[in-house]
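K.L.:
Dropping a structure here in structure tokens format, bear with me for questions.
The values are calculated or read from the model by the stated rules, or taken from the named source; none is laboratory data. Here the structure is a predicted model, which is why all the values come from computation and not from measurement. No Cβ is skipped: glycine too gets one built from the backbone with ideal geometry, and neighbour counts run over all protein chains shown.
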Amino acid sequence: MIPGFYLASLFHAKARKWVEGRKSLPSLPPAAGKTAWFHCASVGEFEQARPVLEAFREKYPGWRIVLTFFSPSGYELRKQYDQADYVLYMPADTPAKARQFLDAIRPDLVFWVKYEFWYHHLAELRRRGIPAILFSAIFRPDQIFFKSNGGFYREILECFTHLFVQNRQSQELLKTIGFENVTTLGDTRFDRVLEIAEQARTIEIAERFAAGRRVLIGGSLWPEDWEVLREADLPGQGIRLILAPHEINPAQIRKWMTETPYRAVRYSETTPETVADADILWIDNVGMLASLYRYGQYAFIGGGYKDGLHNILEAAVWGMPVFFGNKKYRKFQEALDLLEAGSAHAVADARAFRQIFDELSAPGDRLAREAQISRDYVREQRGATAAILAWTETHLMNKHWQKD
């Protein structure tokens, strides 16, 4: 896999950044105290790491915090993150690179998020006796860990001191292959989205656009998601759309704006006065989406037809039914939970989407009931961050280090 990045870097900008970011190992000055290393794959995993990292920072202010990313998108977006002392790329997973990197950052305690299983780094941590915690993890029966030829991958899991998983099924699966150092806690993203909702800012343009109207928020949309929304023709029924593409590509947004007969405007090119007459508001910036959901009554979250569903919790926390594509959502526990609870809808195409949307919009209390289901679900899942910190203090801090 890793050599492929070097070949791809000749042709692909993201792969080029992946390679460029790893050309030299960091040189960090000696820490005044202990060092905690947090590692995430990319942007989504960072949102899971963030509440734990920030709670750890508050509880143990004397510790140095190193944050690493595997992907360029995560690193580029968060390289100025001020709650970490250092934000770095994780090196390629080779024995030599792992030794050199650990020599450079000298961690005393390690937190990894969800799906990161890099053998040489984990094996080197275990060889050095450095505790490593995996949290917000989720496991499925079809993964290699649970197959007869998965011995090497089970050895990777043995490198973790403790595993915090999102659901009981994951814990039971791990038990079948001999792992007892597992706790079911849920997903730390619930703590994060609740915090975001409490701190959400007012966006005057969106507020004016949504005033007195029914609004659907489209978050992290891919072309396949836009095609469903375009064909569903919600503006023709008086529904306004606030749409945020997965990638901010001005040329693509301009093209999409021409594909319907309705008046569409870009956020960067409108004002609170002029936006009031628009039917579709396209968001052409990064960092605003989580606050925009407050202005909607429905959400359509992208990625379900493509590489994987994006964050549905940022919408659900505001109390609304959530739609998404029906192909790439089964790895996400919150999607499965809300589907079962009845406030999420995996739709195959525009026709299926429009049918459910019209049922929700008909007279009656169904829309309000689904909104309440989403709202209650998020609030009932809070608490994983506090539980991880409590376990860490009891089982590691009190045994190995004094609280700084």
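K.L.:
When the residues of region 308-350 are narrowed to those that are among the charged types (D, E, K, R) and in contact (Cβ under 8 Å) with a residue 40 or more places away in the chain, which ends up surrounded by the fewest Cβ atoms within 10 Å (Cβ to Cβ)?
P.N.:
Looking at the filtered set, the residue picked out is K331.
K.L.:
Please go through (1) at pLDDT 95 or above; (2) at positive phi for G304 and return the number of the only condition it doesn't satisfy.
P.N.:
Answer for G304: the failing condition is (2).
K.L.:
Applying the selection to region 54-73, what residues are surrounded by 23 or more Cβ atoms within 10 Å (Cβ to Cβ) and either in the same structural domain as I312 (by TED's automatic domain parsing) or within 15 Å of the chain's Cα centre (by Cα) (or both)?
P.N.:
Within region 54-73, F69 is the sole residue that qualifies.
K.L.:
So which residues in region 42-62 are in contact with a helix residue (DSSP H, G or I) (Cβ under 7 Å, 6 or more places away or on another chain) and either at positive phi or in a loop (DSSP other than H, G, I, E, B) (or both)?
P.N.:
S42
K.L.:
While we're on this one: Need at least 2 residues that are in contact with a Lys or Arg (Cβ under 9 Å, 6 or more places away or on another chain) per element, so show me which strands (runs of 3 or more DSSP E) inside region 217-285 make the cut, counting only ones lying wholly within it.
P.N.:
280-282
K.L.:
Go through region 228-251 residue by residue and tally those that are among the charged types (D, E, K, R) and out of contact with any Asp or Glu (no Cβ under 9 Å at 6 or more places or on another chain).
P.N.:
2
K.L.:
Here are the criteria: (1) buried (at least 20 other Cβ atoms within 10 Å of the Cβ); (2) farther than 17 Å from I248 by Cα. Tell me which single one G302 does not satisfy.
P.N.:
(2)
K.L.:
Then there's this: Does S27 satisfy the criteria of being under 16 Å from I105 (Cα atoms), surrounded by fewer than 19 Cβ atoms within 10 Å (Cβ to Cβ) and modelled with pLDDT under 90?
P.N.:
yes
K.L.:
Would you say A206 is in contact (Cβ under 8 Å) with a residue 60 or more places away in the chain, under 30 Å from A244 (Cα atoms) and out of contact with any strand residue (DSSP E or B) (no Cβ under 8 Å at 6 or more places or on another chain)?
P.N.:
No; evaluated as a whole, the condition is false for this residue.
K.L.:
Please determine, by comparing only the residues of region 212-232 that are of a type in the set (A, V, I, L, M, F, W, C) and under 14 Å from E259 (Cβ atoms), which one is farthest from the chain's Cα centre (by Cα).
P.N.:
Per the stated criteria, the residue is A232.
K.L.:
Same structure again: From the list I388, I373, pick out the single residue that is β-branched (V, I, T), under 30 Å from F135 (Cβ atoms) and in contact (Cβ under 8 Å) with a residue 40 or more places away in the chain.
P.N.:
I388
K.L.:
Ok, one more. Considering only residues that are more than 19 Å from L122 (Cα to Cα), surrounded by fewer than 16 Cβ atoms within 10 Å (Cβ to Cβ) and within 25 Å of the chain's Cα centre (by Cα), which ones fall in region 144-168?
P.N.:
Once the filter is applied, which keeps residues that are more than 19 Å from L122 (Cα to Cα), surrounded by fewer than 16 Cβ atoms within 10 Å (Cβ to Cβ) and within 25 Å of the chain's Cα centre (by Cα), region 144-168 yields only R168.
K.L.:
Give the residue that is nearest to L360 (Cα to Cα), with candidates limited to residues of region 201-211 that are modelled with pLDDT of 95 or more and not in a helix (DSSP H, G or I).
P.N.:
Top of the filtered list is A211.
K.L.:
While we're here: Please work out which one of (1) within 22 Å of E47 (Cα to Cα); (2) out of contact with any helix residue (DSSP H, G or I) (no Cβ under 9 Å at 6 or more places or on another chain) is the condition L339 fails and give its number.
P.N.:
(1)
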